[in-house]
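I have placed the structure first, in the form of C-alpha cells, so that the comments after it can refer back to it.
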Amino acid sequence: LLLSGIGCSDPDPAPRNGPASAEEINRPSVSVSYRDSILDSYRLSAESVLVLMHPDHRPQDVRVSAALLESTAGEGKIRFVRYLASQGERSVPPVLEVIDRSSDRNTLVSALQILGQIGSSEATGAIKEMLENRDSWVRIAAAHAIGDVGGEMAVQALEQTIEDSVDTVVAAGLVALGKSGDTKGIKLCGRKVGHANPRVRAAAATAIGRLGTLEQTSLLMPLLKDPDSGVRFKAKRAIEYLRK
C-alpha cells in the first residue's frame, strides 16, 4: 500500500532498465511535498521505502535516497550517501536540490561528499557557493569536494579558501589543491609553508608533494627543521616523493 501511494502521488514513467536518458539525468526531482511523503512512509514502514533503492526502480531510487538524505540522521544518512554516490550522474540533480534547500550542517556535508565522489562538473557551481557558507564544517566539505572534482576551476575556487579566517578550512583547501591535480595550485600552496598553524604547514607540504616536481623541493626544505614533528614528517615524505 505504501509503495502504491508513493507511485500514485508522484508517477515516474522512466524506463526500469538500461542507461539513464538525458531527461532523467537532468530532471528536477525532489520537491518538499515529495520529501515529506517519503519520510512519512519511511517512518511507517522503512523497508517498504528502502526496497526502492535499486537501479531497477530508476529514477525513484535516487529521488527516494535524496529525500531521506535530507530527512534522516546517523547511520541512515550514511546509507543514503553511499547509494547516491554509487549511482553517479543520475544522483546529481536531486542532490543539488537538497543543497539548494537545506541549512542543516550534516545534510550539506553529506551532499557535498556525494558530489565530490561523483566528480560531476555540473555540480561545481553549487559546490563553489558552499565555499562561502557561514559554517566552517560546510566550507571544509566543499573544499574537499572541489578538490575531488579537480581541474583548473578547482584552483580558482580554492584560492579564496586558503585565505579563510579558520585554519582548519585553510588546511582543507590546501589538501583539496593537492587532490585537484592542477599544477597551478603549487604557487598557492607555497604561500602557506610559513603559516603560523602547523596543521596548515603540513597540509601545504603534502599538497606540494602531490603537485610538484623536483624543483619544488626548495619550498619544502625549510620545513625539515620545523618545530612541529608532524610538519617535519610531512615535508620529508613530500620531498621523498618528489625525488622519485
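The values are calculated or read from the model by the stated rules, or taken from the named source; none is laboratory data. This is a predicted model, so every value here is computed, not measured. Cβ placement follows ideal geometry from the backbone for every residue including glycine, while neighbour counts extend to all protein chains displayed. The accessibility values were calculated without ligands, DNA or RNA, using every heavy atom of the protein model including side chains. Shrake-Rupley method; radii C 1.70, N 1.55, O 1.52, S 1.80 Å.
Averaged per residue, what accessible surface does the stretch 101-244 expose to a 1.4 Å probe, in Å²?
Numbers: 6960 Å² over 144 residues.
I get 48 Å² per residue for the stretch 101-244.
Carbon-plus-sulfur fraction of the accessible area of the chain, 1.4 Å probe, in percent?
51 percent
Please compute the net charge surrounding residue 221, taking Lys and Arg as +1 and Asp and Glu as -1 over other residues with Cβ under 14 Å from its Cβ.
Values: positive: 201, 225, 232, 234, 236, 237, 243; negative: 215, 226, 240.
Local charge sum for residue 221: +4.
Please give the contour-minus-distance gain from residue 56 to residue 86: 0.36 nm per residue of separation, less the Cα-Cα distance, rounded to one decimal in nm.
Values: separation 30, 0.36 × 30 = 10.80 nm, distance 1.40 nm.
Answer, rounded to one decimal: 9.4 nm.
With a 10 Å radius around each residue's Cβ, average the other Cβ atoms per peptide and rank 154-163, 200-209, highest first.
200-209, 154-163
Rounded to the nearest 20 Debye, what is the dipole magnitude of the stretch 113-244 about its Cα centre when Lys and Arg each give +1 and Asp and Glu each give -1 at the C-beta?
In total the dipole reaches around 680 debye.
Relative to the first principal axis of the alpha-carbon coordinates of the chain, what is the inclination of helix 60-71, with its axis defined by its Cα atoms, in degrees from 0 to 90 and to the nearest 10?
On a 0 to 90 degree scale, this one is about 70.
Within the set of other residues whose C-beta is less than 13 Å from the C-beta of residue 185, count the net charge using Lys and Arg as +1 and Asp and Glu as -1.
So the environment of residue 185 carries a net charge of +3.
Quick one: length gained pulling residue 103 to residue 237 fully straight, 0.36 nm per residue minus the C-alpha distance?
44.3 nm
By how many nm would the segment from residue 183 to residue 45 grow when fully extended, if each residue of separation counts as 0.36 nm and the alpha-carbon distance is taken off?
So the extension gain works out to 44.6 nm.
Semi-axes of the equivalent ellipsoid for the stretch 64-183, please: Cα gyration tensor eigenvalues, times 5, square-rooted, ordered largest first, whole Å.
23, 15, 11
Take the eigenvalues of the Cα gyration tensor for the chain, scale each by 5, and report the square roots as semi-axes in whole Å, largest first.
41, 17, 14
Toward the positive end of the charge dipole of the chain, about the Cα centre and with charges on Cβ (Lys, Arg +1; Asp, Glu -1), which of 102, 84, 162 goes farthest?
Of the listed residues, the answer is 162.
Highest mean first, what order results for 35-47, 52-64, 140-152 on Cβ atoms within 10 Å?
140-152, 52-64, 35-47
Under 13 Å from the Cβ of residue 166, count the other residues' Cβ atoms, weight Lys and Arg +1, Asp and Glu -1, and hand me the total.
-2
Treat each spin label as a single point 7 Å out from the Cα along the C-beta direction, and report the residue 78 to residue 134 distance in nm.
Result for the modelled spin labels: 3.0 nm.
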